[in-house]
Structures are given as structure tokens and as C-alpha cells.
1. State whether one or more residues within region 110-117 are open to solvent by 80 Å² or more (accessible area, probe 1.4 Å) and either under 17 Å from the mean Cα position of the chain (by Cα) or of a type in the set (D, E, K, R) (or both).
2. Could you check region 88-98 and list, in sequence order, the residues that are open to solvent by 30 Å² or more (accessible area, probe 1.4 Å), modelled with pLDDT under 95 and part of a loop (DSSP other than H, G, I, E, B)?
3. Consider TYR137 carefully, then state whether it is under 18 Å from ILE169 (Cβ atoms) and modelled with pLDDT of 95 or more.
4. Could you check how many residues of region 58-84 are open to solvent by 70 Å² or more (accessible area, probe 1.4 Å), polar (S, T, N, Q) and either assigned to a strand (DSSP E or B) or under 20 Å from LYS210 (Cα atoms) (or both)?
5. Go through region 122-132 residue by residue and tally those that are open to solvent by 20 Å² or more (accessible area, probe 1.4 Å) and not β-branched (Val, Ile, Thr).
6. Has region 187-194 got any residue that is touching a Pro at 6+ places or on another chain (Cβ under 7 Å), small (Gly, Ala, Ser) and buried (at least 21 other Cβ atoms within 10 Å of the Cβ)?
7. Given the condition farther than 27 Å from PHE75 by Cβ, more than 13 Å from the chain's Cα centre (by Cα) and of a type in the set (Phe, Trp, Tyr), answer yes or no: does some residue in region 199-206 qualify?
8. Is there a residue in region 102-117 that is more than 25 Å from ASP58 (Cα to Cα), in a loop (DSSP other than H, G, I, E, B) and out of contact with any Cys (no Cβ under 6 Å at 6 or more places or on another chain)?
Amino acid sequence: MCQMAWLTDESGTDSLEYNEAGGVEGGINMKLHSRQKTSIPDGVMVCGQHPALYLVEDAMKRPIVDLETFQFYRFNPERIVKLDQDLLDNLDTGESICVHGDFMRSSPSTIVLQRNNSERYLWSGGKLHPIVSAETYQRLQFHLAQTVIVNDVVFNSLPMGEPIYNTAILAYGPINWRVYSAPDGRIYYSQQHRLHRILSPSIFYYYHWKSNEIIHLTNMEFSICSLGDPITEHLLPRG
């Protein structure tokens, strides 16, 4: 049985950790990362004082143009993070997300697609990657509620990439916009194919990440992952 636990690291900072019965194996190749503060993580849906919604990608805010687009891409209103308006205004505006636009430019850069209720694909890096089995789909914590259904016209217009197997992380590194646990229990978020450590429980819950969506990395998988700057509390509301 596995369970979540609140632990404190050597610097005295609370962090959300994942403990697995049986202990932690040694021999992990830990890559160093800086302590520099990061901006708003990619893949986070945000709003300010006004009703407009945006998806953050590459430190830019991409407007979600209407309710039809919101529903088509299976965005969840429970995932909306409210930012100070000044912080939102300081983000550059990127390409709009629109269901009626050119898919390659107007869709989120990382989503799971389903072709007419049959095969499932990861859309990432501007290519479709077939998810080869239900086991892979489940292991990588893809969920039907977040899977976007596209028709054959859209599907046939998109370039095909490498298939996604259970060993995809070993082959390509971490899949973007997902939460991972290292073998030592530390929790990370992936963007631009790097793992960024989540330094506290308040960060984890502020961005509406969920414990049942954590992908548990093996020692070998974690050893090949590049580590980026940690995600800190500097953007969280005070008081």
C-alpha cells in the first residue's frame, strides 16, 4: 500500500512526498538543479479579475476564446488558478486556443486525442504519438475526462510521430504537464521535458494537481530525466 505524507527537507521546507512500502532503492543518479524561481508552470489554466481564461504555455497566456472551445478541449473549471491581475497582465499573449482554428496552431501543445471513439494518441511536439495499449494509457495517468475526440478530417491532417509504449519515459523523457514521483518520494512537475520539483504542499494544491494523477517513476526512469528549476511559492497569494 502506498500513501501520501507530509515531510520536511533539509532546508526546513515542507514538501509533498510519496512513500512506497518496501523503502527506496539506492544508486539513483541525481542531477543537480538550480534554486532559481520559476514562472507559472506550463499547462496551467489561469484567470485574473475578469472572466477571461487563458492557458499558460512557454511563459505566455493563450486565450481560450469561448465556451465551445473550453468544452471541446475538455478543460475542467476546477483547475482554474486565479492570479493577481498585474501578474496576468505582465504575461505576453500567445496564440489563441480555438476549436475552429488550424489545429496545429490553435490547440494546446500537449493533449490526449481519441479518433472517433477508437485509437488514442498523445499530441505533443506537433505530432501524433499512438498510445499502444490500455496499460500504457493507464500507467501514464491519461484519463477519459481529459481525452479530446477529433474527427477523421482533423486527424488525417496531423503528422505522425513515434508510438508511446510503457517505456516511453526511458526513450523520450517525461511527458509534459504531468506530475511525477521520484523513487525517493519527492514530487515533480514536467514541462519542456524536464522535471521541476514541487517544493511544498501549498504549491501542489494551489495549481490543482491531484495525488491520483501522479506517475511513479522507476529508478532507471528517474536517472535519465533532466531536472529544471524548482517550482516555488513566490507566486502564491499572501495572507
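The values are calculated or read from the model by the stated rules, or taken from the named source; none is laboratory data. Note that the coordinates shown come from a computational prediction; the quantities given were computed from them, not determined experimentally. Note that we place each Cβ from the backbone using ideal geometry, even for glycine, and neighbour counts take in every protein chain shown. The accessibility values were calculated without ligands, DNA or RNA, using every heavy atom of the protein model including side chains. Shrake-Rupley method; radii C 1.70, N 1.55, O 1.52, S 1.80 Å.
1. No, because not a single residue in region 110-117 is open to solvent by 80 Å² or more (accessible area, probe 1.4 Å) and either under 17 Å from the mean Cα position of the chain (by Cα) or of a type in the set (D, E, K, R) (or both).
2. Listed by number, the list holds a single entry, ASN90.
3. no
4. 0
5. Qualifying residue count, region 122-132: 5.
6. The answer is yes, given that some residue of region 187-194 is touching a Pro at 6+ places or on another chain (Cβ under 7 Å), small (Gly, Ala, Ser) and buried (at least 21 other Cβ atoms within 10 Å of the Cβ).
7. no
8. For region 102-117, residues more than 25 Å from ASP58 (Cα to Cα), in a loop (DSSP other than H, G, I, E, B) and out of contact with any Cys (no Cβ under 6 Å at 6 or more places or on another chain): present.
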